[in-house]
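Following: one structure in structure tokens, then a few remarks.
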Amino acid sequence: MAPSLNRIADGAIYYTVKDLVAWDTALRERRFLKPASFGAWWTPVRLASGTSFPYGFGWDIVEQRGQRLIEHGGSWQGFRATIARYVDRGLTVVVLANLSAAEPETMAHAIAGLVDPKLQLPDAAATLADPDPGRATRLRGLLEAWADSRVVPTMAKGLPETASGSAREAHARLTTGRRVTALTAFRFLGEDDLRAGPLRWRGEDVTRIAHYALDTKDARYAYRFYQTEDGRVADFVAEER
């Protein structure tokens, strides 16, 4: 595409990995905004209901193995990219791909685990004994309910209250439903114990992150379920492995 015809605000920015290293350096040194502005930029938005959503001003405010992660990805006309900033670990991973089917976010998270063992995600091919024998059944039921837009007791307050009703969310619910219907196995991979330092997530104190693999005939997905002390789920995320 001709650069003179294809420059718009939300994409088509031409840069290299070195350009993003310079950008990350400027972010680390907080060169160009007031401290309060950086704080607002990297704070999950607070909703009118009193809950929160893990997104700041243009950044996902998430975690990996209980470590803070500020990241964002994007795509445009066959290209995909992501920047993942593990701010408390002093690590940034940038992935640029010229294939629309690439998964740069998943790649970045895996690379971070190779560089820093504390960030290494569980092996999605492994199967461990779940210390909570009934949890897999409850979590599978939660996925089924979320796919059907139903609220069930295993959901913490923040999960249904942050539903947007958007087309993007509708697609995510449909995709989740298809995966659950097609699953051949739902396996426990491990968990992160955060009781010593609970993670504030969608207005809830998350004390445990449970990792599961959802297998279908054609794919494997790694799920993370953010659980409160009483076992309710404040949120869940998935990556194809």
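The table that follows gives values for the structure above.
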| item | result |
| --- | --- |
| Output for the range 174-224, where each listed residue is in a loop (DSSP other than H, G, I, E, B) and closer than 12 Å to GLY66 by Cβ | LEU194, ARG195, ALA196, GLY197, PRO198, THR207 |
| Considering residues of the range 92-106 that are free of Cβ contacts under 8 Å to residues at least 24 places away in the same chain and surrounded by 15 or more Cβ atoms within 10 Å (Cβ to Cβ) only, the residue farthest from the chain's Cα centre (by Cα) | ALA97 |
| Index of the failed condition, ASP148 passing every other in (1) free of Cβ contacts under 8 Å to residues at least 60 places away in the same chain; (2) buried (at least 17 other Cβ atoms within 10 Å of the Cβ) | (2) |
| Within the range 36-52, tally of residues that are surrounded by 19 or more Cβ atoms within 10 Å (Cβ to Cβ) and among the hydrophobic types (A, V, I, L, M, F, W, C) | 0 |
| Total residues in the range 48-90, condition under 27 Å from ALA196 (Cα atoms), touching a strand residue (DSSP E or B) at 6+ places or on another chain (Cβ under 9 Å) and in a loop (DSSP other than H, G, I, E, B) | 9 |
| Condition check for LEU119: closer than 25 Å to SER49 by Cβ and buried (at least 19 other Cβ atoms within 10 Å of the Cβ) | no |
| When residues of the range 199-226 are limited to those that are more than 18 Å from THR162 (Cα to Cα) and exposed (fewer than 15 other Cβ atoms within 10 Å of the Cβ), the one nearest to the chain's Cα centre (by Cα) | ALA219 |
| Where a residue in the range 74-91 is more than 30 Å from PRO117 (Cβ to Cβ) and its partner, wherever it lies, is of a type outside the set (Ser, Thr, Tyr), with Cβ under 6 Å and at least six apart | TRP76/GLY11; TRP76/ALA12; PHE79/ASN98 |
| The range 61-73, residues that are more than 15 Å from ALA112 (Cα to Cα) and crowded, with 19+ Cβ neighbours inside 10 Å | ILE61 |
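No value in this document is a laboratory result; all are computed from the given coordinates. Since we're looking at a predicted model, the values are computed, not measured. Don't worry about glycine lacking a Cβ; one is built from the backbone with ideal geometry, like all the others, and counts go over all protein chains shown.
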